1. Report, by residue number, each residue of segment 21-49 that is within 20 Å of L88 (Cα to Cα) and without any contact (Cβ under 8 Å) to a residue 12 or more places away in the chain.
2. Give me the helices (runs of 4 or more DSSP H) completely within the chain, filtered to those with at least 3 residues that are surrounded by 11 or more Cβ atoms within 10 Å (Cβ to Cβ) and either of a type in the set (F, W, Y) or in contact with a Leu (Cβ under 8 Å, 6 or more places away or on another chain) (or both), ordered by residue number.
3. For segment 1-52, how many residues meet the condition of being more than 23 Å from A84 (Cβ to Cβ), of a type in the set (D, E) and touching a helix residue (DSSP H, G or I) at 6+ places or on another chain (Cβ under 7 Å)?
Amino acid sequence: MPGYTKDKKRIQARLRRIEGQVRGIQKMVDGDRYCIDVLTQVNATKAALESVALELLADHTEHCVMEAIQAGDGRRKVRELNLAVERLVRS
């Protein structure tokens with residue numbers, strides 16, 4: 001069971017709002033809105049996605065990694081966690 005299961009409905013709602021933000025950006029471009037206004041919305045959308053990613057990362061740490069450590073298989077999960085953090089930071 002994924003670590004985010006308890007927050008799944010809330011995460012889905014946030015992702016739907018982000019999806020709406022992206023559609024709004026498309027409409028701004030279609031409507032030839034000012035570049036800086038479009039960039040501001042792109043940045044807001046990126047920040048919202050990063051917030052979801054951080055929440056998923058915390059859930060993974062508190063659930064999946066914790067369980068693996070308690071089961072004696074922590075080294076592999078910690079390595080997996082480190083790679084996920086690395087991908088998140090580089091994006």
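Each value in this text was obtained by applying a stated rule to the coordinates, not by laboratory testing. Bear in mind the structure is a predicted one, so any value in this text is a computation, not a measurement. Here Cβ is always computed from backbone atoms with ideal geometry, including for glycine, and neighbour counts include all displayed protein chains.
1. Of everything in segment 21-49, those that are within 20 Å of L88 (Cα to Cα) and without any contact (Cβ under 8 Å) to a residue 12 or more places away in the chain turn out to be N43, K46, A47.
2. Numbers: elements: 8-30, 35-59, 66-70, 74-90.
Of the helices (runs of 4 or more DSSP H) lying wholly inside the chain, those with at least 3 residues that are surrounded by 11 or more Cβ atoms within 10 Å (Cβ to Cβ) and either of a type in the set (F, W, Y) or in contact with a Leu (Cβ under 8 Å, 6 or more places away or on another chain) (or both) span 35-59, 74-90.
3. Looking only at that region, the number is 1.
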